[in-house]
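Below is one structure, written out as structure tokens; the observations come after it.
The values are calculated or read from the model by the stated rules, or taken from the named source; none is laboratory data. Worth saying up front: this structure is predicted, and the values here are computed from it rather than measured. Please note: Cβ atoms are built from the backbone with ideal geometry, for glycine as well, and neighbour counts cover all protein chains shown.
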Amino acid sequence: MLELTPQDDFMHKTGDEPDWREAFYFDFFDPASRLSAFGYAGVHPNQETGDVIVALWREDVLLGKFARWDFNIPRDIGPERMGFGPLFFRPVAPFKTWEIFYDDGFCRLDLAFTAIHPPYSWSQSHDALAKSNSHHYEQQGRYHGAVRVGSETFQVQGLGARDHAWGWGARAGVRRWAWASAQFSDRLAFNSSQVTLADGSEILYGYIFRGKTNDLVRRSRTRSVYAPRGQAPASLTVEIEAASGDKLAATGRTLNAFNVSHQERNKQGYHYFCATEFTYEGQVGHGQYNVYWRKPEDRPEEWSVPLGAAPNIDDTRG
């Protein structure tokens, strides 16, 4: 298992693989203003390219967006891989506090993220992943700061997640995934990530956090319902069981859906980032439902994954 160190919250030395990449992601929802946003920046130094995606919503109205897949990145890019184009990430205190800034001239996000729990590394669920050149961890926490749209400024007190990945980033072999994450309070959050690889084998990542540790998920079931027009997810249920026997069953209603289908490098298929409102035992939480499928027959509908044998290392790239 990869043992994370504080240095892992910063940039990493570029690997030799042609598809090696490093990527940063964030999302948040603010219950007061009903604003939600997500952002992603990924760099492929050996291909000299970079990607940035950002979307800002109020309920289901898209206020601003940015999507570009062909930034010209120098092969020897250093710390600036954490900030190119209009989106910038900066770790302040590793695994505790980050700053995120975005400015396209019309929309501006000036945010600070404070984690509520220790980072969760995917290698904690599968030792085989740690032996490959692919690493991924994530955290949930609180966001505060300011969002400007045109001449109007909003103060944000939101909640959401962030993640950081690096390594061999060829993802063309993935057939589908369903990633649901939500936060109800500083003492209750969950993540469930179900993945099907090209050979049909399935992987499960995730945790339940109840104020102390990340209790690793060993079993997950999702049921997804899609809008009658188009392909966007409309609602879902997720049922997970952790290693301790703890169980959680939540329902989710997607508030909006940002469609990046058939646009991303090394990933042909349908892909939606959805801000989602979850309910669990009378509590209301917010998070993301991130769903991808390569062909129509792969679209996640009712899908169960137990935590089984470790996957083939060659199929778990980035």
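Mind telling me which of the residues Ile77, Ile53 ends up being touching a strand residue (DSSP E or B) at 6+ places or on another chain (Cβ under 7 Å), at negative phi and at pLDDT below 90?
On the way: Ile53 fails: at pLDDT below 90.
Step by step, each of Ile77, Ile53 is checked, and only Ile77 is touching a strand residue (DSSP E or B) at 6+ places or on another chain (Cβ under 7 Å), at negative phi and at pLDDT below 90.
Using beta carbons and a limit of 9 Å, which pairs, at least six apart or on different chains, have the first residue in the stretch 221-238 and of a type in the set (S, T, N, Q) and the second one in a loop (DSSP other than H, G, I, E, B) and surrounded by fewer than 17 Cβ atoms within 10 Å (Cβ to Cβ)?
Thr222/Glu301; Ser224/Glu301; Gln231/Ser261
For (1) assigned to a loop (DSSP other than H, G, I, E, B); (2) β-branched (Val, Ile, Thr); (3) closer than 24 Å to Gly285 by Cβ, each residue gets a yes or a no:
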{"site": "Ala32", "(1), (2), (3)": "yes, no, yes"}
{"site": "Ser36", "(1), (2), (3)": "no, no, yes"}
{"site": "Gly42", "(1), (2), (3)": "no, no, no"}
{"site": "Asn46", "(1), (2), (3)": "no, no, no"}
{"site": "Gly50", "(1), (2), (3)": "no, no, no"}
{"site": "Leu63", "(1), (2), (3)": "no, no, yes"}
{"site": "Trp69", "(1), (2), (3)": "no, no, no"}
{"site": "Arg75", "(1), (2), (3)": "yes, no, no"}
{"site": "Glu80", "(1), (2), (3)": "no, no, no"}
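Kindly list the number of the only condition in (1) out of contact with any Asp or Glu (no Cβ under 9 Å at 6 or more places or on another chain); (2) surrounded by fewer than 18 Cβ atoms within 10 Å (Cβ to Cβ); (3) farther than 22 Å from Thr254 by Cβ that fails for Ala227.
For Ala227, the failing item is (3).
Checking Arg148 against (1) touching a residue at least 24 places away in the same chain (Cβ under 8 Å); (2) not in a strand (DSSP E or B); (3) not aliphatic (A, V, I, L, M), which test does it fail?
(2)
Filter the stretch 201-214 down to the residues that are farther than 17 Å from His136 by Cα and touching a residue at least 24 places away in the same chain (Cβ under 8 Å) and list them by number.
Our first condition is that a residue be farther than 17 Å from His136 by Cα; within the stretch 201-214, this holds for 201-202, 208-213.
Answer for the stretch 201-214, where residues must be farther than 17 Å from His136 by Cα and touching a residue at least 24 places away in the same chain (Cβ under 8 Å): Ser201, Glu202, Ile208, Phe209, Arg210, Gly211, Thr213.
Report, by residue number, each residue of the stretch 89-117 that is surrounded by 15 or more Cβ atoms within 10 Å (Cβ to Cβ) and more than 18 Å from Val156 (Cα to Cα).
Hits for the stretch 89-117 are Pro91, Pro94, Phe95, Lys96, Asp104, His117.
May I ask you to list the residues in the stretch 288-318 that are small (Gly, Ala, Ser) and either touching an Asp or Glu at 6+ places or on another chain (Cβ under 8 Å) or at pLDDT 50 or above (or both)?
Step one: of the stretch 288-318, the residues small (Gly, Ala, Ser) are 304, 308-310, 318.
Those that are small (Gly, Ala, Ser) and either touching an Asp or Glu at 6+ places or on another chain (Cβ under 8 Å) or at pLDDT 50 or above (or both): Ser304, Gly308, Ala310, Gly318.
Working carefully through the options Ala23, Ala37, Ala32, find the one that is under 23 Å from Phe66 (Cα atoms), modelled with pLDDT of 95 or more and touching a strand residue (DSSP E or B) at 6+ places or on another chain (Cβ under 8 Å).
Checking each option against the conditions leaves just Ala37.
In the set Phe106, Phe101, Phe71, which member is free of Cβ contacts under 8 Å to residues at least 60 places away in the same chain, out of contact with any Phe, Trp or Tyr (no Cβ under 9 Å at 6 or more places or on another chain), among the aromatic types (Phe, Trp, Tyr) and farther than 30 Å from Glu241 by Cβ? Let's see the steps before the verdict.
Working: Phe101 fails: out of contact with any Phe, Trp or Tyr (no Cβ under 9 Å at 6 or more places or on another chain); Phe71 fails: out of contact with any Phe, Trp or Tyr (no Cβ under 9 Å at 6 or more places or on another chain).
Going through Phe106, Phe101, Phe71 in turn, just one is free of Cβ contacts under 8 Å to residues at least 60 places away in the same chain, out of contact with any Phe, Trp or Tyr (no Cβ under 9 Å at 6 or more places or on another chain), among the aromatic types (Phe, Trp, Tyr) and farther than 30 Å from Glu241 by Cβ: Phe106.
Out of all the residues in the stretch 261-284, which are of a type outside the set (Ser, Thr, Tyr), touching a Lys or Arg at 6+ places or on another chain (Cβ under 7 Å) and not in a loop (DSSP other than H, G, I, E, B)?
Residues of the stretch 261-284 that are of a type outside the set (Ser, Thr, Tyr), as a first pass: 262-269, 271, 273-275, 277-278, 281-284.
Okay, now just the ones that are also touching a Lys or Arg at 6+ places or on another chain (Cβ under 7 Å), so 266-269, 277.
Glu277 - this is the single residue of the stretch 261-284 that is of a type outside the set (Ser, Thr, Tyr), touching a Lys or Arg at 6+ places or on another chain (Cβ under 7 Å) and not in a loop (DSSP other than H, G, I, E, B).
Can you go through Phe95, Phe66, Phe29 and tell me which one is hydrophobic (A, V, I, L, M, F, W, C) and under 16 Å from Trp166 (Cβ atoms)?
Values: Phe66 fails: under 16 Å from Trp166 (Cβ atoms); Phe29 fails: under 16 Å from Trp166 (Cβ atoms).
Criteria check complete, one pass: Phe95.
Considering only the stretch 33-55, how many residues are of a type outside the set (S, T, N, Q) and within 18 Å of Arg253 (Cα to Cα)? I'd like the intermediate steps shown before the answer.
First, the residues of the stretch 33-55 that are of a type outside the set (S, T, N, Q): 34-35, 37-45, 48, 50-55.
Those still in the list that are within 18 Å of Arg253 (Cα to Cα) too: 34-35, 37-38.
Residues that pass the stated criteria total 4.
Consider Phe66 carefully, then state whether it is under 16 Å from the mean Cα position of the chain (by Cα), on the phi < 0 side of the Ramachandran plot, in contact (Cβ under 8 Å) with a residue 24 or more places away in the chain and surrounded by 14 or more Cβ atoms within 10 Å (Cβ to Cβ). Steps first, please.
Details: under 16 Å from the mean Cα position of the chain (by Cα): no; on the phi < 0 side of the Ramachandran plot: yes; in contact (Cβ under 8 Å) with a residue 24 or more places away in the chain: yes; surrounded by 14 or more Cβ atoms within 10 Å (Cβ to Cβ): yes.
No; evaluated as a whole, the condition is false for this residue.
If you check Phe24 against the conditions, is it touching a residue at least 40 places away in the same chain (Cβ under 8 Å), part of a strand (DSSP E or B), touching a Gly at 6+ places or on another chain (Cβ under 6 Å) and of a type outside the set (Asp, Glu)?
Details: touching a residue at least 40 places away in the same chain (Cβ under 8 Å): yes; part of a strand (DSSP E or B): yes; touching a Gly at 6+ places or on another chain (Cβ under 6 Å): no; of a type outside the set (Asp, Glu): yes.
Taking the combined requirement at face value, the residue does not satisfy it.
In the stretch 234-260, which residue that is of a type in the set (S, T, N, Q) and in a strand (DSSP E or B) is farthest from Lys295 (Cα to Cα)? Give the derivation first.
If we filter the stretch 234-260 for residues that are of a type in the set (S, T, N, Q), which is where we start, we get 235, 237, 244, 251, 254, 256, 259.
Checking which are in a strand (DSSP E or B) leaves us with 235, 237, 251, 254, 259.
Numbers: Ser235: 20, Thr237: 22, Thr251: 26, Thr254: 22, Asn259: 16 Å.
Going through the qualifying residues, I end up with Thr251.
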